[in-house]
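Report on one structure; see the data block that follows.
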Amino acid sequence: MGNVLSRIRTRYGDTEGIVLPVIILGLVVMSTLAVAAVMTAGDEQKSSQAMRQASTAFYAAEAGFNQIYAQWATYEAQIDSLEPGDTLDLGWQKLSTGSSYRPLVIRLDNAGGGQPLYALQAEGRGLGALAGMRTLRLLVTSSGSGGGEGYKLGECCEAAVTVRGYARLQDDTGLDGHDMNPPGWDDACTNELHDKAGLTMLDTTKFTADGSTWMDGEPPLAQDNTLSDATWDSLGSLAWQDLAAMAEKTFHDGTWTPRPSTKIEAGELVCDTDDPLNLGSNDPTHPCFDYFPIVLISDNVTFEFGHAQGIFVLNWDEATDQGSEFDLEVDQTLAGLILGKGCVEPENNSRTYGAIFVDANYRNLHLCNSDKDFDMNDGDAELHYSTCAIDRALTLSGLEEYAEPEFPDEEGVTMLVSRSFLEVF
C-alpha cells in the first residue's frame, strides 16, 4: 500500500490542503453573484418606482393644464395685465393622490399690440424621494378682455393704414379702422370683427387733413415710435425679398384695368389665372372669387375702373433705395394687403378693404410727391380695415401659415399646435 501511495504522489504531486481553498473561492464567487443579483433587483425596483412616479408627475402636470384652461376666465384679469416676458405663477397645489402641480402663464408676444400669445406651463411632482418632476409647455392664444386685437402678422395689420412718412387726406376722402366685410362678402367671412386704429404713423405731426375729410378707428390716429427699417424687413418669418420673389404677376409703369376672366377646362368654367390682368373677382358667384395672387408693383403703376384682390408688394431698387408708387384711381376697388416700399395714393371714388402698410423711407423721389407718402385725394375715396379681406388674401394666396389664427370666443382661450415637455428624475 505504501508503495502505491508513493507512486501516486510521485505522479500527481502532493494534493493535501487544496480542497478547502477551492470551496472558499466558490463561496466567495457565489456570494458576489448573490449580492449583485440583490442589488440589481433593488435598482430595478427603484427604477420602476421612479418611472411610475414620473408618470404620476406627468399626470399631475396635465391636471395643472386642465385647471388653468378650464378656469381661464377666473384668471383673465391677471393674465391680461401681463406684459411680454411676465409670468403669472399660480403656486403649488396638491392633488388627492398626494402629487402636486404648479401652473404658470408666460406672456410671449412682443409689445405694441396684437392678439396675445402665451406659453401655458405646468410643473408636476410625484411623491417620495424618487418622485421626479415633469414640466409641460403649450402655446395658447386668447382674445383678451380688451377686444379689438388681432394676432400679429409681422406689424402690418394693426391699423387700416400704417405709414412711416407723410400722410394726407383731402377732398371728401376718408379711412376707417372699424372692421368690416367687403360688400357682398358676408357669407364668405366667418371671422369676428375686431376694430383697429384708423391711421398709425411713426410721427403724427406729418399728418394733414384738408377740406371735408373723415377718419375713424380705435383710435382714429395713433403714433408708434417703434416703426423702423426692421419693421418692413419681413412678414412674420418671411423675408421681404422672399415675399417679392413669390409674386405670381408683376405690373410695371402704366395704367391698368384689372379684370376677372374665365376659360373652359374639361367642360367646366374655371378662373383663367394665366390672364395677366386677372386679379380676382369681388363677386361670390364668379369662378375667380377665391383667386388672390401675390402681385409685385414696380415703378409707377395705376389701377382704375376695375377690381383687384390679393397681396400687393411695392417693389424697390436695392441699389438706390428707390421705391414704387401705387395709385388707385377712378372707381377702382381693392381687397387684401398693400405692403409698400414707396407711396400709395387712393383717390377718385376708389374703395379699399383690408390694410395698407407703407415704408416711405424707400420713396421714389422721381414719382411720389415729396410730402405725400400716403395720399387720399380728389374726391370720395374710402379705405376700410377688413379682417376678412386680409385673412382671405393670405390664406388663398398661399401664405396661410402667416395668416391670423382663429379668434377664440370672448373670455376664451385657443390651444395652438406647439407642445413640449421636460422630464427630471
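The values are calculated or read from the model by the stated rules, or taken from the named source; none is laboratory data. Quick caveat, the model's predicted, so the values are computed rather than measured. Virtual Cβ from ideal backbone geometry, glycine too; neighbours counted across all protein chains shown. Side chains are part of the model used for accessible areas, which takes the heavy atoms of the whole protein and leaves out ligands, DNA and RNA. Shrake-Rupley method; radii C 1.70, N 1.55, O 1.52, S 1.80 Å.
Distant-in-sequence amide contacts of Trp256, defined by a placed amide H-H separation under 5 Å and a gap of 5 or more residues or a different chain, comprise Thr302, Phe303, Glu304. The portion of the accessible surface of segment 285-327 made up by carbon and sulfur, rounded to a whole percent, is 43 (1.4 Å probe; DNA, RNA and ligands excluded). With all projection directions averaged, the alpha carbon convex hull of segment 296-377 covers 4.6 nm².
Taking 0.36 nm per residue of sequence separation and removing the Cα-Cα distance, the Asp210/Ser55 pair yields an extension gain of 48.9 nm. For the pair Asp380 and Arg259, the difference between a 0.36 nm per residue extended length and the Cα-Cα distance amounts to 41.3 nm. Put simply, when 220-227, 204-211 are sorted by average Cβ atoms within 10 angstrom per residue, most first, you get 220-227, 204-211. Between Thr32 and Thr320, the contour length at 0.36 nm per residue exceeds the alpha carbon distance by 95.4 nm. Peptide packing: for 179-192, 60-73, the average count of neighbouring Cβ atoms within 10 Å per residue gives the ranking 60-73, 179-192, highest mean first. In order along segment 342-348, phi translates into HN-Hα couplings of x, 9, 10, 9, x, 7, 6 Hz, rounded to whole numbers, per the Karplus curve 6.51 cos²θ - 1.76 cosθ + 1.60 with θ = phi - 60° and x for Gly and Pro.
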